[in-house]
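**Student:** One structure, pasted below without further comment.
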Amino acid sequence: MTTTTSASIVNLQKINKTYPKGIVALKHINLEIDQNEIIGIVGANGSGKSTLLKLLAGNLQPEQGSIKVFQSELKNNSAQLKKKISYISQDRALDPEMTGKELLGYFSALYGLPHQTSKKRYTELVKTFELTEFIDRRVNSYSGGQAQRLHLAIGLIHQPKLLLLDEPTSALDPQGKAFFWDFIRSYQQLGNTVIIISHELDKIHHCCSRVLLLDKGKLIADESPDFIIQSHALPILHIKTAHKISNKQDLQQPLQQAIPSANIQLKGQSIQLEINKFLDNDKPEVLASVLQICQEQHVAIVECRWENAGLENAYFKMTGQSISPPSGAKNNKKGQRKRR
Amino acid sequence: MNYPHFAISYAVFKRTWLKTLRRPVALTFSLVQPLMWMLFFGFLFQRYALDDLPIGIQYLDFLVPGVCAMTVLFGASQSGIELIRDMQNQFLNRILSTPASKPMVMAGKISADVSRLIIQAALVLLLGLALGAKLNTAIWPLAYMIASLLLFGVAFCSLSCWIALKARSQENMATFVHLINMPMLFTSTALVPSKQMPDWLATIAQYNPLSLVVNISRDAMLFAESPVFKTSLLPLVLIATLIFLLAALTLRSTKLD
């Protein structure tokens, strides 16, 4: 059983959430999050990530279990806690007929910010998110990236201590994404806590102190990203050859026989072996076999290195499912938003 | 009640007005519709005598307070549409995620819509006067008329918002609104005096809130009579309060997606 420590700002105990028609979203979730952490939530579509975030925001109620945020029971202190929490949803909840300036002012009032504070926050956010150029225009004239930046700025108007982000970078360009992740790090350094759902696993790996892996509503891992990768990811052996591989069949067959669990790819001057059943102790043995076969086939090797694959690979190994949504589904979603 | 509560209502009030002004077509149409009723009905029935009315009172004089009330009824029924739009683009979720008091949010919305309806009813009244209606436009008759329209507006804007929160789609809401508006209008004294109705209809008209508003306005503006608080304004106060509370509490308990 999880006990609340003094620094703990989120404490979930035995949380179960089922949607109508018996769809189980979360099963028996126990979780504790300390202040000043960046937590990544990772999982396949429908694994319960967004449900977990909505429960923490107080937007949904669990059937069973208790949720404490900032040491208070969430359901009993919802209005007070909402002043400290911000849930920034996947959908950009903006009024297309209002300007960015009007929207920031509107939410300042709904959060009860005094006039001076509101003015100060407005200036800070416009500067931080580089909104100056379009802040006086109506939202229906914004590009996807501009709307997303405004969406994030509104979520930060009341300086939340706990920031809950559901795929916040989906509409941002690479530059916008880089800016966003830098911002998240600086926001955490101010003493705030960030919980983020994202499919950008490299960024999750580098920014988050902990990663929660969800599969079909179950919390299957709650560890540092490095630990998850080292424990579960499939290692890949990369070999660079001196010349283009001409005798592909002659090389592939013995390699497959020597390491039956490997997924082997030969391309140009590269050999790549992704190994499914593997222990760290087996690495020298595998490498020796590969080098020997290459020598027998007169393939000269220039470079040889092991790569521990990332979170995607670890998740796949643990669940048999891929985290990334199919690219078609992503595009459809974008199209729907645009039409709206 | 402290300052931020009023700031919440004011912010919602301001946004509702802003959006109303940014939709000039909808605003114009909601004004044109009652004007057409007044022109068509006014000139169509102008030639018929009305029983039991003092000599000199024409149908147009009788009709103008009815059309003013009708303007509020039809305009109020559109109040919930904006909530449905907010639900559809997830904006309502964002509002509900804030710690803002939901009754104050509802109060801001209703007060903006009611103030718009009162302005529209005043424009209808001015046009009626321009067309030749003879009405008492002294301060007290006008005040009674505005008070009754205001209470009726609060009740029906709140009802529209409540329906919107329950129906959650414009199609469902439109069906429901038509089911309420038309019977409400034709079982009231807005267009015809109750004495010219069949008995059963006259009985229904007596308890119809629209008749209450129309009768208060008509008594004040045609005969300079003050309303009896207990039997005319009090029921409107009660209806407005109850339906407003229903809408505000429904907003508070609305489940986020």
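Each row is one residue, and each column tells you yes or no for (1) of a type outside the set (S, T, Y); (2) surrounded by fewer than 20 Cβ atoms within 10 Å (Cβ to Cβ); (3) over 30 Å from B:R94 (Cα atoms).
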site	(1), (2), (3)
B:S188	no, no, yes
B:L191	yes, yes, yes
B:W200	yes, yes, yes
B:A205	yes, no, yes
B:V214	yes, no, yes
B:S217	no, no, yes
B:L245	yes, yes, no
B:L249	yes, yes, no
B:K255	yes, yes, no
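**Student:** Restricting attention to region A:303-322, does a residue exist that is at pLDDT 85 or above, part of a strand (DSSP E or B) and touching a Ser or Thr at 6+ places or on another chain (Cβ under 8 Å)?
**Tutor:** no
**Student:** Something else now. Looking only at region B:75-88, decide whether some residue is more than 30 Å from A:Q90 (Cβ to Cβ) and either basic (K, R) or within 14 Å of chain A (Cβ to nearest Cβ) (or both).
**Tutor:** No, there is no match, as no residue in region B:75-88 is more than 30 Å from A:Q90 (Cβ to Cβ) and either basic (K, R) or within 14 Å of chain A (Cβ to nearest Cβ) (or both).
**Student:** In region B:1-31, what residues are aromatic (F, W, Y) and loosely packed, with under 15 Cβ neighbours inside 10 Å?
**Tutor:** Of everything in region B:1-31, those that are aromatic (F, W, Y) and loosely packed, with under 15 Cβ neighbours inside 10 Å turn out to be B:Y3, B:F29.
**Student:** Right, next: Output the residues belonging to region A:52-69 that are touching a residue at least 60 places away in the same chain (Cβ under 8 Å) and closer than 18 Å to A:L165 by Cα.
**Tutor:** A:L52, A:L53, A:L56, A:A57, A:V69
Results for (1) charged (D, E, K, R); (2) more than 10 Å from chain A (Cβ to nearest Cβ), shown as yes or no for each residue.
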site	(1), (2)
B:A11	no, no
B:K14	yes, no
B:K19	yes, no
B:L35	no, yes
B:R47	yes, yes
B:L50	no, yes
B:P54	no, yes
B:V64	no, yes
B:M70	no, yes
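This table checks each residue for (1) within 14 Å of chain B (Cβ to nearest Cβ); (2) under 19 Å from B:S253 (Cβ atoms); (3) assigned to a strand (DSSP E or B).
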{"residue": "A:N30", "(1), (2), (3)": "no, no, yes"}
{"residue": "A:G46", "(1), (2), (3)": "no, no, no"}
{"residue": "A:L52", "(1), (2), (3)": "no, no, no"}
{"residue": "A:N59", "(1), (2), (3)": "yes, yes, no"}
{"residue": "A:S66", "(1), (2), (3)": "no, no, yes"}
{"residue": "A:R92", "(1), (2), (3)": "yes, no, no"}
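**Student:** Continuing with the same structure: Is one or more of the residues making up region B:100-110 of a type outside the set (F, W, Y), over 27 Å from B:L35 (Cα atoms), assigned to a helix (DSSP H, G or I) and in contact with a Lys or Arg (Cβ under 6 Å, 6 or more places away or on another chain)?
**Tutor:** Yes; the residues of region B:100-110 include at least one that is of a type outside the set (F, W, Y), over 27 Å from B:L35 (Cα atoms), assigned to a helix (DSSP H, G or I) and in contact with a Lys or Arg (Cβ under 6 Å, 6 or more places away or on another chain).
**Student:** On the basis of being of a type outside the set (K, R), surrounded by 20 or more Cβ atoms within 10 Å (Cβ to Cβ) and within 13 Å of chain B (Cβ to nearest Cβ), does A:L104 make the cut?
**Tutor:** So A:L104 fits the description; yes.
**Student:** I'm told A:A79 meets every condition in (1) small (G, A, S); (2) touching a residue at least 12 places away in the same chain (Cβ under 8 Å); (3) within 11 Å of chain B (Cβ to nearest Cβ) except one. Can you identify the failing condition by its number?
**Tutor:** The number of the failed condition is (2).
The values are calculated or read from the model by the stated rules, or taken from the named source; none is laboratory data. Being a predicted model, the structure only gives us computed values, none of them experimental. No Cβ is skipped: glycine too gets one built from the backbone with ideal geometry, and neighbour counts run over all protein chains shown.
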